[in-house]
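To start, the structure under review is shown below, and the notes come after it.
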Amino acid sequence: MPAPAAPAPRGGGVTRLRYGRGGKDMGARMFRLTRYFSLASGLAILAMSVLLLWAYRSSEVAERTEISGVRNEMLARTFANAIWPEFGAALVNASGRDAQALREQALTRRLHDRIRELSVGVPIIKIKVYDLQGKAVFSTVAREIGEDKRDNRGFLSARNGATISEMVYRGKMSATEGEIENVNVVSSYIPIRPDPDGQVKAVFELYADVSGDIREIDRDSWRLLLGLAISFGILYGVLLLIVGRADRILRRQYEAIRENETSIGTKNLALEAANQRLHMAASVFERSIEGIVITDPEQRVIEVNRAFTEITGYTPEESIGNTPRLLSSGWHDEAFYRAMWDAVREQGYWQGEVTNRRKTGEAYRQWLTLCADYNDHREVVYYIGMFYDITEKRLSEERIARLAYYDALTGLANRRLFEDRLENAVLLARRNGTSLAVLFIDLDRFKPVNDSLGHKAGDTLLKQVAARLSGIVRDCDTTARLGGDEFAMLLGGESYERRQVTAAVAQRILDALSAPFMIENREIATGASIGISFYPTDGATPEILIKHADVAMYQAKRSGRGRYRFFLPEMNAGALERLSLEESLRHALERDEFELHFQPKVCTASGTLTGAEALLRWRHPARGLVPPAEFIPIAEETGLIVPIGAWVLEQACRQVMEWAQRVPSGFRISVNLSVRQLQGDVDETVREVLAATGADPSKIELELTESMLMGDTERAIALMDTLAGFGVQLALDDFGTGYSSLAYLKRFPIHKLKIDRSFVSDLPGDRGAIAIVQATIALAHSLGLTVVAEGVETAGQLEFLREAGCGECQGYLFGPPVPAAQFATMLGDPQVQVIGRQAP
Ligand SMILES: Nc1nc2c(ncn2[C@@H]2O[C@H](COP(=O)(O)O[C@H]3[C@@H](O)[C@H](n4cnc5c(=O)[nH]c(N)nc54)O[C@@H]3COP(=O)(O)O)[C@@H](O)[C@H]2O)c(=O)[nH]1
């Protein structure tokens, strides 16, 4: 399957576009066409109107000025023609006279009158005559006679022969008829050529009142302005309508574009989001720890993910184009697949466990979710299979189930399953009115095997026991291991009501278990004790039935092991007594109910006291002195032996200190150590007790049994090294009864071997005992160890041991264990008396 593109990194890699009204990327703002048009066209119309008006008026004024100028010129010529014959010479010659004289001369008055006559009906309001020097020799306004205009541009132009006219406005003006105000005049400087020679003889200045023309021009201007205003107004209005419409169209287009942009932006964002989702989906698909396979409607694989390849071993190239049948293990039949596909077609999906086969050929179990993907027409587009490997899960579930109901070591039913089955069997028996039997089986000599050969050997023995038990009963019966070396059987069915039949089964079990077992190339003899209870006579519930079978088993053990016992109601009393003893034992230490008795050890050759064995006694307030054989096993089982053993050691040390001055040199007190103490930190206890009491370690001897040392031998050796390092002596008790290896014996840092009472008791008549005792003494000597024989009760035994070279003896022959005070009486005697008692 082609790997999908890697997903965009979280929080980066995607350019976000901004759209909408507030977006910076939005196009330019909308052009306000109407507003600008109104403003611009208004200003343009105004400017144009002003311009037109100005142009019109200027041209009118110019035209009127020209017309007036021409008229002025014509009038001037007319006046000149009229007056020159009479007044020409005087005017030409008047330049030598002053202005006053000129004003006052009669000629001037006549000329004034004449001109007034001539001016009737013409718009001339003032006439002035200049000689060629620019002096006003005549004016219809008398006070202006004598003015000098020699530098006047108009005068100069006229003197040179060219008429010049101009239009001026005068707020106040002197005219022929007096002072006038607000008048528009056209003043013209006109050359006068009265003679045929065409020479300019004088210059006339005529003022024509054109105020009427100007008013007319102004009126026309206003009319023009009105016309323009109307025309431009109409034009403006029409254009405004057009522009307004164009503006609205533009606005709509603008809005449309903007909406488009927004829509495009939204689409882009949606596209971007869809793209991200696509990346995400691709990433999830590829990185899912579930295997995913996608097929077309014909179930041809079109995509698989990485987990698919990891689980099945098939690459995308090997899978695509194939059908999922590629993975078929043949585990499921046609009906299974038919039901699966029927469910997918009807419900759209199926879920369940499928056993498939990897490319390697290995079968595996997967939890599969199969679903169909439909298009709008409800047609299947894809089938999607998602699965994860549950092989390990299922295996561990099965393992857990086995652990929950089966004993991991032997494979037999465990206590839980046994109790379940017993409960069901009791219900069935109750309903059917039938009976059933519960057998409680306890191995007889399992503990020594376990202690001496180690847990591994113990486990092997248990497995072999289980195998033998399984072969004895029918498949419908239940054989279980309840724990440790305890087994149980549930025998159901009518026939088991008969005690004889159950007894026969029990005997078969005893026979089977009494045959030797081969453990680590050793022949091990164990055996079993069996207690039997029946439903309904011995109990109506599983708990009671098991308990009573247990009680019966305990009785079987007490009555000599290797046998079976049916439960009897009176047995309960014994079991209860044991429980009560255990309860009392828990408080014995704090209630100070223990005491130590001491049994002498003597030198075989001289009969002198060499030491004493400290033996624990429990003075029960109600029961009196309880023998160690009754409470030491309970103390060991419950672990109480650890604090009790520490107490014994401390008392022994204190006794050593107390007797220090009264005992012969080399006198030692020996203390028994239990296996439970050895399994703990007895070395710490010994160190602390020695330190606390200040006892001389060389006066203390610790007795260990072979079986204690044979489990974890290396640890035992290390522990013994530590203890020996403190300076205490170590003795190997009960020698010859266990499974000691001579190879190990060599490595044990011990000082003494203690020959077990069972060998001594057969002396001196039993050849086997003789051989063992002699061999033990020889072995001890060869290893440099001293030997002590325990249980010496007779003089014959003593004699034999002396001759055999046994260094020390202990037994009732020299005295039983006695309280410390009593033992102290012996300390004064150099020689222990042989008292010859057979029993204490
Ligand atoms: N871990 C500890 N075990 C202890 C302690 N005190 C005692 N014990 C163990 O209890 C077992 C029974 O002890 P006890 O009843 O005291 O018997 C001892 C002797 O009385 C008995 N014995 C001694 N001489 C004779 C004899 O001539 N005949 C005969 N029938 N019995 C005799 O032997 C027992 C001592 O045996 P051993 O220890 O193997 O030397 C017993 O196993 C004790 O070990 C304790 O403090 N801690």
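The values are calculated or read from the model by the stated rules, or taken from the named source; none is laboratory data. Treat the numbers as computed from the prediction; the structure is a model and nothing was measured. So basically every Cβ, Gly included, is an ideal-geometry build from the backbone, and we count neighbours across all protein chains shown.
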*Considering every residue within segment 457-469, establish whether at least one is under 20 Å from L403 (Cα atoms), of a type in the set (D, E) and in a helix (DSSP H, G or I).*
yes
*asked:* I'd like to know if segment 144-163 contains one or more residues that are assigned to a strand (DSSP E or B) and among the hydroxyl-bearing types (S, T, Y).
replied: no
*Looking for whichever is surrounded by 19 or more Cβ atoms within 10 Å (Cβ to Cβ) and either closer than 12 Å to P194 by Cα or touching a helix residue (DSSP H, G or I) at 6+ places or on another chain (Cβ under 8 Å) (or both) here; the options are L102, L107. Which one fits?*
L102
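Just the residues that are of a type outside the set (F, W, Y) and away from the ligand (no atom under 14 Å from the Cβ), please, taken from segment 785-816. Working first, answer last.
Of all residues in segment 785-816, those of a type outside the set (F, W, Y) come to 785-799, 801-811, 813, 815-816.
Answer for segment 785-816, where residues must be of a type outside the set (F, W, Y) and away from the ligand (no atom under 14 Å from the Cβ): L785, T786, E799, R802, E803, A804, G805, C806, G807.
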*Restricting attention to segment 628-667, which residues are modelled with pLDDT under 90, touching a helix residue (DSSP H, G or I) at 6+ places or on another chain (Cβ under 7 Å) and not in a helix (DSSP H, G or I)?*
G639, R662, V663
*What number of residues in segment 568-587 are closer than 14 Å to V626 by Cα, hydrophobic (A, V, I, L, M, F, W, C) and at pLDDT below 90?*
1
_Enumeration of residues in segment 656-699 that are within 13 Å of the ligand (Cβ to nearest atom) and closer than 19 Å to P600 by Cβ_ = I669, S670, V671, N672
*Does segment 618-641 contain any residue that is within 9 Å of the ligand (Cβ to nearest atom) and touching a Gly at 6+ places or on another chain (Cβ under 8 Å)?*
no
*asked:* For R215, only one of the following conditions fails: (1) surrounded by fewer than 16 Cβ atoms within 10 Å (Cβ to Cβ); (2) farther than 28 Å from S58 by Cβ. What is its number?
replied: (2)
*asked:* I want to confirm something. Restricting to segment 747-771 and keeping residues that are away from the ligand (no atom under 16 Å from the Cβ), farther than 20 Å from L704 by Cα and hydrophobic (A, V, I, L, M, F, W, C), which single residue is nearest to the chain's Cα centre (by Cα)?
replied: A771
*Would you be able to tell me the number of residues in segment 284-310 that are crowded, with 17+ Cβ neighbours inside 10 Å, within 13 Å of Y382 (Cα to Cα) and not hydroxyl-bearing (S, T, Y)?*
6
_In segment 595-614, the residues that are within 15 Å of L813 (Cα to Cα) and within 11 Å of the ligand (Cβ to nearest atom)_ = F598, Q599, P600, K601, E613
*Identify, please: which residue in segment 700-713 is under 17 Å from E636 (Cβ atoms) and assigned to a helix (DSSP H, G or I) and is, among those, farthest from the ligand (Cβ to nearest atom)?*
L709
*asked:* Cβ contacts < 7 Å: first residue under 13 Å from A605 (Cα atoms) and without any contact (Cβ under 8 Å) to a residue 40 or more places away in the chain, restricted to segment 795-823; second residue among the aliphatic types (A, V, I, L, M) and surrounded by fewer than 22 Cβ atoms within 10 Å (Cβ to Cβ), any location; separation 6+ or different chain. Result?
replied: A804/I777; G805/I777
*Give segment 147-159 a look and list any residue that's among the hydrophobic types (A, V, I, L, M, F, W, C) and crowded, with 18+ Cβ neighbours inside 10 Å, or say none.*
F155, A158
*asked:* Which condition from (1) under 23 Å from L568 (Cα atoms); (2) in contact with a strand residue (DSSP E or B) (Cβ under 6 Å, 6 or more places away or on another chain); (3) modelled with pLDDT of 85 or more is the one that R508 breaks?
replied: (2)
*asked:* Can you list residue pairs whose Cβ atoms sit under 7 Å apart, with the first residue in segment 642-658 being in contact (Cβ under 8 Å) with a residue 60 or more places away in the chain and the second being part of a helix (DSSP H, G or I) and more than 9 Å from the ligand (Cβ to nearest atom)? Count only pairs 6 or more apart in sequence or on different chains.
replied: Q655/A820
*Pull up segment 759-793, narrow it to residues that are under 15 Å from Y812 (Cβ atoms) and of a type outside the set (A, V, I, L, M, F, W, C), then point me to the one that is surrounded by the fewest Cβ atoms within 10 Å (Cβ to Cβ).*
S761
*Any residue in segment 151-164 that's farther than 12 Å from L132 by Cα: show its pairings with residues that are among the aliphatic types (A, V, I, L, M) and buried (at least 16 other Cβ atoms within 10 Å of the Cβ) at Cβ separation under 7 Å, as long as the two are six or more apart or on different chains.*
G154/I164; T163/I190; I164/A158
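Yes or no, residue by residue, for (1) out of contact with any Gly (no Cβ under 7 Å at 6 or more places or on another chain); (2) surrounded by fewer than 17 Cβ atoms within 10 Å (Cβ to Cβ); (3) of a type in the set (A, V, I, L, M, F, W, C):
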| residue | (1), (2), (3) |
| --- | --- |
| G161 | yes, yes, no |
| N184 | yes, no, no |
| I190 | yes, no, yes |
| Q199 | yes, yes, no |
| L224 | yes, no, yes |
| I230 | yes, yes, yes |
| I249 | yes, yes, yes |
